[in-house]
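For reference, the structure discussed in these notes is given below.
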């Protein structure tokens, strides 16, 4: 009997450590924030995600696709979405609807709404709407938000299903960002090159932060 008690005493701490490392002792809010703050996230492919996570995404966001998935070891997954499976639109850059799952594939639900993202996460500017896109047949799609544009584009590609050409953002556009004094600054962007430069500046700023 003493032998079994001694064995249990040795194993018990390991069980508690395992639960704590796996994150099962954390609330969803705590685990989401831990994933966001993790500096050891690993870039993975969507095929590396648990089947339950894939099923949840397909059910809740059937019209969206995984853009990037990362794993915070022993904590869980952070998944960024985009609007189409074969093209990446400029307006996808301002998405902030990341999904979070445990390592076993259970979706994590925050009770506090949007979370402050960790280093290098999230856009540092937003587009001013309406925005317009020129479609491959010369038609123009205009929307007052990202969802409106994506719904219209989805309808266009369903009709023109053989077309894989990417639509072109119509310039000039206006981006909104915060200045050092926290006031909103508007900047007119006249070309795709200028927009790429603005995006690159954001990435460099996040790295410094």
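The values are calculated or read from the model by the stated rules, or taken from the named source; none is laboratory data. On a predicted model such as this, the values are computed, not experimentally measured, just so you know. Neighbour counts run over all protein chains shown; Cβ positions are idealised from the backbone, glycine included.
One table, with the values for the structure above:
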item	result
Residue pairs meeting the criteria (Cβ under 6 Å; at least 6 apart or on separate chains; first buried (at least 16 other Cβ atoms within 10 Å of the Cβ), in segment 189-200; second modelled with pLDDT under 95 and part of a helix (DSSP H, G or I))	189/195
Members of segment 153-172 found to be surrounded by 15 or more Cβ atoms within 10 Å (Cβ to Cβ) and under 23 Å from the mean Cα position of the chain (by Cα), listed by number	153, 167, 169
Qualifying residue in segment 158-166 (condition: without any contact (Cβ under 8 Å) to a residue 40 or more places away in the chain, outside the structural domain of residue 95 (by TED's automatic domain parsing), in a helix (DSSP H, G or I) and closer than 15 Å to residue 94 by Cα)	no
Enumerated strands (runs of 3 or more DSSP E) restricted to segment 1-113, each holding at least 3 residues that are outside the structural domain of residue 199 (by TED's automatic domain parsing) and modelled with pLDDT under 95	65-72, 76-82
